[in-house]
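Worksheet: the structure to be examined is printed underneath.
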Amino acid sequence: EKGGYDHFMLKEMNEQPEALKAAITGRIKNGKSILSEINNLKEFITEKLRKIFVVACGTSYHAGLTFKYFMNRYSKIGVDIEVASEFRYMNPHVDENTLVLAISQSGETIDTLEGIRIAKEKGAKVITISNVFGSTIPRESHGAIYMNTGPEIGVAATKTYTAQIAILYALGAKIIELTQGSNDEIRDILKGIEEMPEVYKKVLKLNERIKELAREYVKFQHMMYIGRGFGYPTALEGALKLKEISYIHAAGYQAGELKHGPIALLDEQFPVFAIIPKDSLYEKMKSNLMESKARNANIIAITTENNNEISQLTDEYICVPQVHEALYPLAMAPVIQLFAYNVAILRKLDPDKPRNLAKSVTVE
Ligand code: M6R
């Protein structure tokens, strides 16, 4: 059932070209969102929608944060986001003009479930993105979008994370089209998602190189992931993957926050993992790398192919193909996943069953 792979996690990471294709089939075509699951909410979206509130945990939260960056850039409707365990106890500002978007791979996470119950009581409409057909959260929602990636067995969310982002962008594009009309840039982004399975085939081939990096960095006790803009949720997700399966202390920060505290941690024992695509914040990220280098931190970077100066800024780097700025969270995801996987293997840990964690968190 592991299809010849040593672990489910490795199998599931390698399934990402097909899983992503399955997730967008019937939802994105020729750069257009044809998502039909929200047809019953069209009137609500065009007439009433004023705000979107995303509720999720863990990796699903990071997909939601990526969506927030996407919508803040392209949509006139503001997006708020909170982890579900906070949302449910915070008297969240949602009402009958709010769309609450629950993201849950399992569809059973108790905090997310309680979150949507509160949102419904306050009159909000709820759409859930889930991978498990008929699970509780989508059943209790006004609309459900199933990821169609096939079951994910490894505790670490991998193929469902990338499928979530692709579906969230399709949903966002639909909302933008309904509320402000169509837009060429969004069309390019959606076309880029349709090309992503081919990009994944290339990115997955980087595994041998990623293994080498893992061998060099497995000795460290800590790792600081940094990014800006669309790169920030990727930094958080990179840190989560590493800590949950390799038990190395890792944290993700907005690179601009370094000088407000975290940079004090950096030295030759505390390396940095930088998410630095060639995007509109590239120059800003470059300064952050220089600041880190000045503290003698070792630096690994993921950047865009044909970045000629990256070798001077970093100790090690990995390049992914050039994509639209909004799509680096998709293009770079397999790299952070494979890095965490390889570190866990070198530490002789079972990445499918990390200690203290369950695939589906149904108790508070
Ligand atoms: O099933 P859900 O998407 O609601 O699960 C949320 C988190 O528990 C989950 O993403 C967790 O963080 C993963 N183990 C991360 O790899």
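Take the alpha carbon atoms of segment 335-364, find their center, do the same for segment 79-101, and report the distance between the two centers in whole angstrom. Between the Cα centre of segment 335-364 and that of segment 79-101, the gap is 29 Å.
How much of the DSSP beta bridge set in the chain is antiparallel, as a percent to the nearest 5? Of all bridge pairs located within the chain, approximately 5 percent are antiparallel. When shorter helices are ignored and each DSSP H run of at least 4 residues is given -39500 (n - 2.57), the per-residue value for the chain at 222 nm works out to -14000 deg cm²/dmol. Between residue 18 and residue 90, the distance separating the two model label sites (each 7 Å from Cα on the Cα→Cβ line) works out to 3.9 nm. Couplings 3J(HN,Hα) for segment 154-168, derived from phi with the Karplus relation 6.51 cos²θ - 1.76 cosθ + 1.60 (θ = phi - 60°), are x, 5, 6, 6, 10, 5, 6, 5, 5, 5, 4, 4, 4, 5, 4 Hz, where x marks Gly and Pro.
The modelled label-to-label distance for the pair residue 218/residue 257, using points 7 Å beyond Cα in the direction of Cβ, is 3.1 nm. Dividing the mean sequence gap of close Cα pairs (under 8 Å, 6+ apart) by how many residues segment 218-303 holds gives a relative contact order of 33 percent. Of all DSSP bridge pairs formed entirely within segment 75-191, close to 0 percent run antiparallel.
Out of every Cα-Cα pair that segment 111-248 contains, those further apart than 21 angstrom amount to 60 percent. Using a cutoff of 8 angstrom between alpha carbon atoms and counting only pairs six or more residues apart, the relative contact order for the chain works out to 20 percent.
The protection proxy used here, the mean number of other Cβ atoms lying within 10 Å of each residue, ranks peptides 158-168, 8-18 as follows, highest first: 158-168, 8-18. Under the convention that each Lys and Arg Cβ holds +1 and each Asp and Glu Cβ holds -1, the size of the dipole of the chain around its Cα centre is about 140 debye. Between amide H atoms placed 1.01 Å from N, distances below 5 Å from residue 51 occur with 99, all of them 5 or more places distant or on a separate chain. Amide H of residue 129: which non-local residues (sequence gap of 5 or more, or other chain) have their own amide H closer than 5 Å, using H built in the peptide plane? Counting only residues 5 or more places away or on other chains, the set is 102, 103, 104, 145.
Normalised size of the chain, defined as Cα radius of gyration per 2.2 N^0.38 Å with N residues, equals 0.95.
Packing, as the average of other Cβ atoms within 10 Å across residues, places the peptides 129-140, 348-359, 22-33 in the order 129-140, 22-33, 348-359, highest first.
Annotation for segment 109-178 versus segment 193-246: alpha-carbon center distance of 24 Å.
Every read-out reported here was derived from the displayed coordinates using simple, explicitly stated rules and does not represent laboratory data. As the structure is a prediction and not an experimental result, all values here were calculated from the model. Cβ atoms come from the backbone with ideal geometry, glycine included; neighbour counts cover every protein chain shown.
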